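Since the structure comes first, as structure tokens, the remarks are kept for the end.
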Amino acid sequence: MDTDFEACTGEALEAFCKDGTSLEDVFENFNIEELEAGDVAAIVNVIANSVDSNVVNNPMLRRNTLTNIDLLLSVDAAVLKETSEKSETSNRLENIFDDINVNIDLAEGESFAAAQANFALFAIEMEIRNIPSAGFSVSHPGRSDAEVTIPRSVFGSLSTTAARVSSAIISETIFSGRNISLIVSSSVFSLTLYILGETVSDMIDPVSFRLTKKMNAAENMRMTCMFWDDSDGLGFWSENGCEVLRETSEFLYCQCDHLTSFAVIQAPSSSSTTPSLGTAAINIAAIVVPLVVGTLLIITIVIVIGVVIFVTSKKKGNSRDSLEYSMAPTSDRSERSL
């Protein structure tokens, strides 16, 4: 990642960058269309560093923060794509939404929901002992973007501890990633589970989910489920641990062995993908080896035939020479030995 990328590059954010002008004033004083990718990354970074329990539990500050983020996600898609490719903005947005869901004060059985044009948040505090053996489903009020079923086994033998479910539906424009062959074809659904303040990572049974498709697969493309892997800092889409269960005209049903952010991704079908170096080598070998073996076989046959003919003719020649030699005078043989 370019360390200078997250500096404010446009004149519109000069006051914000240098003087700490509030985001509210920044958005009032310039056209959001003036934002560049580095500006978006810089603002998200500032918001990420400012979100704490006090901000989250202050309705006005929380509302202003969410409004500012929604404005950022409204900038040109090309700008957001560049932001996603060159900075950790996608990961930071995930963390901001998760921090809000985790830090907001909720009593047992109480939930929190907030919706903007480009994202929606949902959190609920659950008592584990009240979770049925079949598990439970999580979806956003009034939204059909996604639904996730979490198995009861994820809680192990715990029976009295409270669990916090943190979920977000986020516009796919900020999660383009760097693989240009992939097309994000649904909203991004983020889900995290907390027990005793710690995230749940080990899954005995996979989570099942349904994602709403925003488009059908293009020619030579397949619909699959992927998760946003932020292990490299910038983030990328990966299929590891996920599989498609079935597909309808409207939904894609999948399961994964971990909790994270998921989306429907169009990926090149196996017949249209460019083979890897190893695959290409195997394909070439499959063609070349038979040709080489066949050629060598023909050459071998020709050589064998030639040798047989040569040996046969040689034997005939040697027989005549022996007879002639054996009939030669003794003095001639003695001279030859000398």
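Checked against (1) part of a strand (DSSP E or B); (2) open to solvent by 30 Å² or more (accessible area, probe 1.4 Å), residue 225 meets all criteria but (2). Taking the conditions (1) assigned to a loop (DSSP other than H, G, I, E, B); (2) more than 28 Å from residue 164 (Cβ to Cβ); (3) open to solvent by less than 60 Å² (accessible area, probe 1.4 Å) in turn, residue 216 satisfies each one other than (3). Screening region 29-86 for helices (runs of 4 or more DSSP H) wholly inside it with 3 or more residues that are surrounded by 15 or more Cβ atoms within 10 Å (Cβ to Cβ) returns the ranges 37-50, 59-72, 77-86.
Of all the residues in region 174-190, those that are open to solvent by 10 Å² or more (accessible area, probe 1.4 Å) and closer than 11 Å to residue 225 by Cα number 1. Among the residues of region 109-134, those that are under 15 Å from residue 94 (Cβ atoms) and open to solvent by less than 30 Å² (accessible area, probe 1.4 Å) comprise 119, 120, 121, 122, 123. Restricting attention to region 89-108, and to residues there that are open to solvent by less than 60 Å² (accessible area, probe 1.4 Å) and in a loop (DSSP other than H, G, I, E, B), which single residue is nearest to residue 67 (Cα to Cα)? Within region 89-108, the match that is nearest to residue 67 (Cα to Cα) is 104. Residues of region 202-213 that are touching a helix residue (DSSP H, G or I) at 6+ places or on another chain (Cβ under 9 Å) and open to solvent by 30 Å² or more (accessible area, probe 1.4 Å): 202, 203, 204, 205.
Across region 135-166, the qualifying residues are those that are of a type in the set (Lys, Arg) and buried (at least 16 other Cβ atoms within 10 Å of the Cβ), and the one among them that is farthest from residue 252 (Cα to Cα) is 164. Where strands (runs of 3 or more DSSP E) fall wholly inside region 145-200, the ranges with 2 or more residues that are among the small types (Gly, Ala, Ser) and touching a Ser or Thr at 6+ places or on another chain (Cβ under 8 Å) are 162-170.
With respect to the stated conditions, residue 233 fails to be at pLDDT below 90 and open to solvent by less than 10 Å² (accessible area, probe 1.4 Å).
Within region 249-265, the set of residues being among the β-branched types (Val, Ile, Thr) and either over 18 Å from residue 177 (Cβ atoms) or not in a loop (DSSP other than H, G, I, E, B) (or both) comprises 264, 265.
Do the conditions hold for residue 238, that is, is it without any contact (Cβ under 8 Å) to a residue 24 or more places away in the chain and open to solvent by less than 30 Å² (accessible area, probe 1.4 Å)? Yes, satisfied.
The one condition from (1) in a strand (DSSP E or B); (2) in contact with a helix residue (DSSP H, G or I) (Cβ under 7 Å, 6 or more places away or on another chain) that residue 246 does not meet is (2).
The values are calculated or read from the model by the stated rules, or taken from the named source; none is laboratory data. Keep in mind that what you see is a predicted model, and the values were worked out from it rather than measured. Cβ coordinates were reconstructed from backbone atoms using ideal geometry, including for glycine residues, and neighbour counts include every protein chain displayed. Just so you know, the surface numbers come from the protein's heavy atoms only, side chains and all, with ligands and any DNA or RNA stripped out. Shrake-Rupley method; radii C 1.70, N 1.55, O 1.52, S 1.80 Å.
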